[in-house]
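Here's the structure we're looking at; comments come further down.
The values are calculated or read from the model by the stated rules, or taken from the named source; none is laboratory data. Just so we're clear, the structure is a prediction, and the values are computed from it rather than from any experiment. As a convention, Cβ positions derive from the backbone with ideal geometry for all residues, glycine included, and neighbour counts pool all protein chains shown. Accessible surface areas use protein heavy atoms only, side chains included; no ligands, DNA or RNA. Shrake-Rupley method; radii C 1.70, N 1.55, O 1.52, S 1.80 Å.
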Amino acid sequence: MPDPHPLAAFSPAVREWFAATLGAPTPPQAQGWPPIQRGEHTLILAPTGSGKTLTAFLWGIDQILRDIVAGDGAETGVRLLYISPLKALNNDVERNLRAPLEGIRA
């Protein structure tokens, strides 16, 4: 029986970073990750600040991390593409990409 915890399918480093940094997942994250992890097209409709962007980024980050650890060609081209509205781009990159990468790396 699969673990029902929203972070269960993530690698230990990502789970530990998330729990230490953000605590518990928001409802959009808890409901969004399972279909994302199954490879399904997923639309998350939730208010600003609810963690939607990190929901989208985190599974991709986790998969790239797993590939790097396994030595599976992590340096071969684009691995994750995210299109952000220009108005939100700086915030998305800092809050949802740089900060998680630095925290997970640590």
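What are the residue pairs meeting all of these: first residue in region 75-100, first residue under 14 Å from Thr48 (Cα atoms), second residue among the acidic types (Asp, Glu) and surrounded by 12 or more Cβ atoms within 10 Å (Cβ to Cβ), Cβ atoms under 8 Å, and 6 or more apart or on different chains?
So the pair list comes out as Ser84/Asp92.
Which one is nearest to Ala19 (Cα to Cα) among residues in region 46-63 that are open to solvent by 40 Å² or more (accessible area, probe 1.4 Å) and more than 13 Å from the chain's Cα centre (by Cα)?
Gly49
If you check Arg66, Arg38, which single one turns out to be farther than 12 Å from Ile104 by Cβ, open to solvent by 30 Å² or more (accessible area, probe 1.4 Å) and either among the basic types (Lys, Arg) or touching a Cys at 6+ places or on another chain (Cβ under 8 Å) (or both)?
Arg38
Just for region 69-94: of the residues that are assigned to a helix (DSSP H, G or I), under 21 Å from Trp17 (Cα atoms) and not small (Gly, Ala, Ser), which one is most open to solvent (accessible area, probe 1.4 Å)?
The extreme case among them is Val69.
Return yes when Ala20 is open to solvent by 30 Å² or more (accessible area, probe 1.4 Å), within 21 Å of Gly103 (Cα to Cα), at pLDDT 90 or above and out of contact with any Cys (no Cβ under 6 Å at 6 or more places or on another chain) and no when it is not. It would help to see each step written out before you state the result.
Numbers: open to solvent by 30 Å² or more (accessible area, probe 1.4 Å): yes; within 21 Å of Gly103 (Cα to Cα): yes; at pLDDT 90 or above: yes; out of contact with any Cys (no Cβ under 6 Å at 6 or more places or on another chain): yes.
Yes: the conditions hold for Ala20.
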